[in-house]
1. Looking at GLN92, is it at pLDDT 75 or above and either aromatic (Phe, Trp, Tyr) or within 16 Å of the chain's Cα centre (by Cα) (or both)?
2. How do the pairs read when you match residues in segment 31-56 that are surrounded by 17 or more Cβ atoms within 10 Å (Cβ to Cβ) with residues anywhere that are not in a helix (DSSP H, G or I), using Cβ under 8 Å and keeping only pairs 6 or more apart or on different chains?
Amino acid sequence: MNVINNSQPFYKKKSVIISAIIGLVLIILLASFIGSSNGLNRSQQDVDEATGSVQTALQNRADLIPNLVNAIKGSQAQESAVYGKIAEARTQYNQAKSNYQNANSQDQKTTAMEGQERALNVMVSAINENYPNLKSGDQVSTLMSQIEGADNRVTYQRLKYNKAVRAYNDKVVSFPSSVVAGMTNHQKLKYFEADAAAQSNPVVDFSK
(Lines give C-alpha, C1' and ligand atoms only; values in the text may rest on other atoms or scores of the structure.)
Protein backbone atom coordinates (compact mmCIF):
# COMPACT_ATOMS: atom_id res chain seq x y z
CA MET A 1 0.00 0.00 0.00
CA ASN A 2 1.34 3.42 -0.93
CA VAL A 3 1.09 6.15 1.69
CA ILE A 4 0.70 9.66 0.31
CA ASN A 5 2.76 12.18 2.31
CA ASN A 6 0.57 15.27 2.31
CA SER A 7 2.73 16.99 4.93
CA GLN A 8 5.65 17.72 2.57
CA PRO A 9 4.04 20.73 0.85
CA PHE A 10 3.19 22.16 4.29
CA TYR A 11 6.78 21.92 5.47
CA LYS A 12 7.98 23.53 2.26
CA LYS A 13 5.52 26.35 2.69
CA LYS A 14 6.56 26.79 6.32
CA SER A 15 10.23 26.90 5.30
CA VAL A 16 9.49 29.59 2.72
CA ILE A 17 7.63 31.66 5.33
CA ILE A 18 10.47 31.35 7.83
CA SER A 19 13.02 32.30 5.19
CA ALA A 20 10.91 35.29 4.20
CA ILE A 21 10.65 36.43 7.83
CA ILE A 22 14.40 36.07 8.34
CA GLY A 23 15.04 37.96 5.13
CA LEU A 24 12.66 40.73 6.20
CA VAL A 25 14.35 41.01 9.60
CA LEU A 26 17.77 41.21 7.94
CA ILE A 27 16.53 43.91 5.58
CA ILE A 28 15.12 45.90 8.52
CA LEU A 29 18.38 45.55 10.45
CA LEU A 30 20.42 46.54 7.42
CA ALA A 31 18.19 49.55 6.76
CA SER A 32 18.46 50.56 10.42
CA PHE A 33 22.26 50.21 10.29
CA ILE A 34 22.51 52.28 7.13
CA GLY A 35 20.15 54.92 8.50
CA SER A 36 22.06 55.21 11.78
CA SER A 37 25.41 55.28 10.00
CA ASN A 38 24.23 58.00 7.64
CA GLY A 39 22.83 59.98 10.57
CA LEU A 40 26.17 59.81 12.37
CA ASN A 41 28.02 60.85 9.25
CA ARG A 42 25.69 63.80 8.67
CA SER A 43 26.13 64.92 12.27
CA GLN A 44 29.89 64.63 11.88
CA GLN A 45 29.67 66.83 8.79
CA ASP A 46 27.74 69.39 10.83
CA VAL A 47 30.55 69.35 13.41
CA ASP A 48 33.14 69.81 10.67
CA GLU A 49 31.20 72.77 9.27
CA ALA A 50 30.89 74.34 12.72
CA THR A 51 34.62 73.80 13.29
CA GLY A 52 35.42 75.73 10.15
CA SER A 53 33.14 78.57 11.25
CA VAL A 54 34.86 78.82 14.63
CA GLN A 55 38.26 78.81 12.96
CA THR A 56 37.20 81.59 10.60
CA ALA A 57 35.92 83.72 13.49
CA LEU A 58 39.15 83.17 15.43
CA GLN A 59 41.25 84.10 12.41
CA ASN A 60 39.21 87.25 11.79
CA ARG A 61 39.74 88.25 15.41
CA ALA A 62 43.46 87.50 15.16
CA ASP A 63 43.77 89.68 12.07
CA LEU A 64 41.70 92.48 13.57
CA ILE A 65 43.49 93.12 16.86
CA PRO A 66 47.03 93.83 15.55
CA ASN A 67 45.63 96.02 12.78
CA LEU A 68 43.71 98.11 15.29
CA VAL A 69 46.71 98.37 17.57
CA ASN A 70 48.79 99.60 14.65
CA ALA A 71 46.11 102.19 13.91
CA ILE A 72 46.73 103.79 17.31
CA LYS A 73 50.48 103.38 17.20
CA GLY A 74 52.32 106.20 18.87
CA SER A 75 49.55 107.12 21.28
CA GLN A 76 51.41 105.77 24.30
CA ALA A 77 55.00 105.76 25.47
CA GLN A 78 54.68 102.20 26.78
CA GLU A 79 53.64 100.84 23.36
CA SER A 80 56.81 98.71 23.10
CA ALA A 81 55.75 96.73 26.16
CA VAL A 82 52.27 96.27 24.74
CA TYR A 83 53.56 95.14 21.37
CA GLY A 84 55.91 92.73 23.12
CA LYS A 85 53.00 91.05 24.86
CA ILE A 86 50.96 91.03 21.68
CA ALA A 87 53.87 89.55 19.72
CA GLU A 88 54.25 86.79 22.31
CA ALA A 89 50.55 86.06 22.26
CA ARG A 90 50.58 86.04 18.45
CA THR A 91 53.36 83.45 18.54
CA GLN A 92 51.22 81.32 20.83
CA TYR A 93 48.28 81.84 18.50
CA ASN A 94 50.26 80.76 15.44
CA GLN A 95 51.49 77.67 17.28
CA ALA A 96 47.94 76.75 18.22
CA LYS A 97 46.86 77.37 14.63
CA SER A 98 49.63 75.07 13.42
CA ASN A 99 48.43 72.44 15.89
CA TYR A 100 44.94 72.83 14.43
CA GLN A 101 46.17 72.36 10.87
CA ASN A 102 48.19 69.27 11.86
CA ALA A 103 45.48 67.75 14.07
CA ASN A 104 44.58 64.13 13.43
CA SER A 105 41.28 64.15 15.28
CA GLN A 106 38.39 66.47 16.00
CA ASP A 107 39.28 66.63 19.69
CA GLN A 108 42.80 67.79 18.79
CA LYS A 109 41.30 70.49 16.58
CA THR A 110 39.07 71.63 19.45
CA THR A 111 42.01 71.78 21.86
CA ALA A 112 43.98 73.80 19.32
CA MET A 113 41.10 76.25 18.86
CA GLU A 114 40.92 76.70 22.62
CA GLY A 115 44.62 77.57 22.55
CA GLN A 116 43.99 80.11 19.80
CA GLU A 117 41.24 81.78 21.81
CA ARG A 118 43.45 81.94 24.91
CA ALA A 119 46.18 83.68 22.92
CA LEU A 120 43.69 86.17 21.50
CA ASN A 121 42.42 86.93 25.00
CA VAL A 122 46.00 87.70 26.02
CA MET A 123 46.21 90.23 23.18
CA VAL A 124 43.05 91.96 24.32
CA SER A 125 44.20 91.93 27.94
CA ALA A 126 47.49 93.51 26.91
CA ILE A 127 45.59 96.37 25.29
CA ASN A 128 43.32 96.69 28.32
CA GLU A 129 46.15 96.80 30.83
CA ASN A 130 48.55 99.07 28.97
CA TYR A 131 46.44 101.57 27.05
CA PRO A 132 44.56 103.43 29.79
CA ASN A 133 44.86 106.90 28.28
CA LEU A 134 44.56 106.82 24.53
CA LYS A 135 44.34 110.29 23.03
CA SER A 136 41.99 109.69 20.12
CA GLY A 137 38.40 109.20 21.26
CA ASP A 138 37.25 108.04 17.83
CA GLN A 139 40.01 105.46 17.60
CA VAL A 140 39.26 104.19 21.09
CA SER A 141 35.57 103.88 20.25
CA THR A 142 36.34 102.00 17.04
CA LEU A 143 38.75 99.68 18.81
CA MET A 144 36.27 98.82 21.55
CA SER A 145 33.37 98.20 19.17
CA GLN A 146 35.47 96.10 16.78
CA ILE A 147 36.87 93.94 19.57
CA GLU A 148 33.43 93.49 21.07
CA GLY A 149 32.06 92.46 17.69
CA ALA A 150 34.91 89.98 17.18
CA ASP A 151 34.35 88.50 20.64
CA ASN A 152 30.65 88.12 19.95
CA ARG A 153 31.26 86.35 16.65
CA VAL A 154 33.65 83.90 18.29
CA THR A 155 31.15 83.26 21.09
CA TYR A 156 28.31 82.72 18.60
CA GLN A 157 30.33 80.26 16.51
CA ARG A 158 31.50 78.45 19.65
CA LEU A 159 27.88 77.96 20.71
CA LYS A 160 26.99 76.64 17.25
CA TYR A 161 29.92 74.25 17.42
CA ASN A 162 28.91 72.94 20.84
CA LYS A 163 25.32 72.50 19.61
CA ALA A 164 26.55 70.41 16.67
CA VAL A 165 28.78 68.36 18.99
CA ARG A 166 25.83 67.80 21.35
CA ALA A 167 23.66 66.49 18.49
CA TYR A 168 26.48 64.19 17.36
CA ASN A 169 27.26 62.93 20.86
CA ASP A 170 23.57 62.22 21.49
CA LYS A 171 23.60 59.85 18.53
CA VAL A 172 26.83 58.21 19.67
CA VAL A 173 25.38 57.34 23.09
CA SER A 174 21.72 56.68 22.14
CA PHE A 175 20.42 53.24 21.13
CA PRO A 176 20.36 51.91 18.43
CA SER A 177 22.77 54.37 16.82
CA SER A 178 25.20 53.74 19.70
CA VAL A 179 25.62 50.16 18.44
CA VAL A 180 26.40 51.43 14.96
CA ALA A 181 28.74 54.06 16.42
CA GLY A 182 30.73 51.34 18.15
CA MET A 183 30.94 49.31 14.96
CA THR A 184 31.99 52.29 12.82
CA ASN A 185 34.40 53.85 15.35
CA HIS A 186 32.34 56.99 15.95
CA GLN A 187 33.31 58.36 19.37
CA LYS A 188 32.12 61.23 21.55
CA LEU A 189 33.71 64.60 20.85
CA LYS A 190 34.79 67.25 23.35
CA TYR A 191 33.07 70.59 23.62
CA PHE A 192 34.75 73.91 22.94
CA GLU A 193 35.48 75.34 26.37
CA ALA A 194 36.99 78.71 27.17
CA ASP A 195 39.87 78.65 29.64
CA ALA A 196 39.16 79.58 33.25
CA ALA A 197 40.66 83.05 32.81
CA ALA A 198 38.32 83.83 29.94
CA GLN A 199 34.92 82.78 31.20
CA SER A 200 33.80 86.33 30.47
CA ASN A 201 34.82 88.36 27.45
CA PRO A 202 37.77 90.67 28.06
CA VAL A 203 36.74 94.28 28.54
CA VAL A 204 38.74 97.08 26.99
CA ASP A 205 38.21 100.08 29.28
CA PHE A 206 40.16 103.26 28.57
CA SER A 207 38.30 105.45 31.01
CA LYS A 208 40.70 104.85 33.91
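The values are calculated or read from the model by the stated rules, or taken from the named source; none is laboratory data. Being a predicted model, the structure only gives us computed values, none of them experimental. Because the Cβ atoms are built from the backbone with ideal geometry, glycine has one as well, and the counts that use them run over all protein chains shown.
1. Working: at pLDDT 75 or above: yes; either aromatic (Phe, Trp, Tyr) or within 16 Å of the chain's Cα centre (by Cα) (or both): no.
No: the conditions fail for GLN92.
2. Listed by first residue and then by second, the contacts come to SER36/PRO176; LEU40/THR184; LEU40/HIS186; GLN44/HIS186; VAL47/LEU189; VAL54/PHE192.
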